[in-house]
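Here's the structure we're looking at; comments come further down.
No value in this document is a laboratory result; all are computed from the given coordinates. Computed from a predicted structure; not experimentally measured. Every residue, glycine as well, gets a Cβ built from its backbone with ideal geometry; the counts of neighbours run over all protein chains shown.
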Amino acid sequence: MQTDFAVETKDLTKVYVDFWGRPKVRAIDRLNLSINRGEIFGLLGPNGSGKTTTIKLLLGLIFPTAGEAVVLGHPPGDVATNSRIGFLPEESYLYRFLNAEETLDFYGQIFHIPRRERKRRVADLIETVGLSFARKRPLKEYSKGMSRRIGLAQALINDPDLILLDEPTVGLDPIGSREIKDLILELKKQGKTILLSSHLLADVEDVCDRIAILDKGHLQVVGEVDDLLSLKDTLEIRVRRISPELRDKIEALLRENDAELVSTEHPSRTLEDLFLKTIEETKSEDRSSPG
């Protein structure tokens, strides 16, 4: 499969089997998804929807049962491609007795980054994620929020083209969350492609260009955030200097009565509303299905 996308899947399917090789769970079912280069793409879904399985398939950590994926122009797991990917898992398993500098230096060596360049990147990333005050502190003394920060720095040590972030703001206070979201937007400005998986819908709504909602391994919704949240069948008009008498004939009388038209637009719902509605519709379809 040839593609100009950063990530593309075609009928990607993963079925987990039991000890006897019998199908047990269909974690992903014929997933067709494309992520543009240079965009922030949100992957949403309830627990067990297939988000983690999708990320593992894209990283080449597990193999598909059927279908295929292309990541940065190559099959998942390609060694050269992996060197261009940064990954922040939901739980970062870092060496607890190393400090921030030692941790990033260690991962920099894995990517064969020259010593001088490695030292510069380590210093810049520690500053970027706001851990300068704890650069010499062992990771075992880090809070959950601090651990997320050093985990994000580790995901960026190789200056990746594609960054996979699984719950990047979990454990952070509102200020820390805002800082991480600002960093994600800055990475986009640098031309990075970011796949963001999160349960915090407000975070996704703040930074993502497009989103996909998975449920029970099936793709339910995909599209641009603004388009999905805009209520196309409803028109909202906001005006100033309008008398109660004009309200019934607002559209015809606005200009005639010198009323100031502030905006005419489709009102939006929240991402939480869209997410819950999508999942509820899936449950309704399951209940109405025979057998």
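Shown in residue order for region 135-146 are the 3J(HN,Hα) couplings computed by the Karplus curve 6.51 cos²θ - 1.76 cosθ + 1.60 at θ = phi - 60°: 5, 9, 8, x, 5, 5, 9, 7, 6, 4, x, 5 Hz (x for Gly and Pro).
Measure out, as a whole number of angstrom, how far apart the alpha-carbon centroids of region 18-56 and region 84-141 sit. Comparing the Cα centres of region 18-56 and region 84-141, I get a distance of 29 Å. For Cα extents along the principal axes in Å, the value computed from the atomic coordinates appears in the list (1) 89, 36, 32; (2) 73, 55, 37; (3) 49, 42, 35 under label (2). According to the Cα gyration tensor, what semi-axes, each the square root of 5 times an eigenvalue, does the equivalent ellipsoid of region 49-190 have, listed from largest to smallest in whole Å? Whole-Å semi-axes of the equivalent ellipsoid: 26, 18, 14. Taking amide H positions as modeled 1.01 Å from N, with prolines and chain starts lacking one, the residues under 5 Å from SER49 and 5 or more places away or on another chain are LYS216. Working note: 222 nm ellipticity from helices only, DSSP H runs with n ≥ 4, each -39,500 (n - 2.57), summed and divided by the residues of the chain, gives -10000 deg cm²/dmol to the nearest 500.
Under 5 Å between amide hydrogens, built in the peptide plane, is the criterion, and for SER198 it picks out LEU43, GLU167 among residues at least 5 positions away or on other chains.
For region 106-193, the fraction of alpha-carbon pairs lying more than 19 Å apart is 39 percent, rounded to a whole number. Within straight-line reach of LYS10, meaning a Cα separation under 16 Å, sit the following aspartates and glutamates at least 8 residues removed in sequence or on another chain: ASP29, GLU68. Amide H contacts of ILE28: LYS14, each under 5 Å away and 5 or more positions distant or on a separate chain (H built 1.01 Å from N in the peptide plane; Pro and chain starts excluded). Backbone N atoms of region 194-209 closer than 20 Å to the 7 Å Cα→Cβ label point of ILE62 belong to residues 195-199. log10 I(q)/I(0), Debye, Cα-only region 191-252, no solvent, q = 0.15, 0.17 Å⁻¹? Values returned for q = 0.15, 0.17 Å⁻¹ are -0.66, -0.73.
For the residues HIS218, HIS199, HIS112, a GNM of the chain with alpha-carbon springs under 10 Å puts the largest fluctuation on HIS112. Return the percentage of antiparallel bridges among DSSP beta bridges fully within region 54-199, rounded to the nearest 5 %. Of all bridge pairs located within region 54-199, approximately 20 percent are antiparallel.
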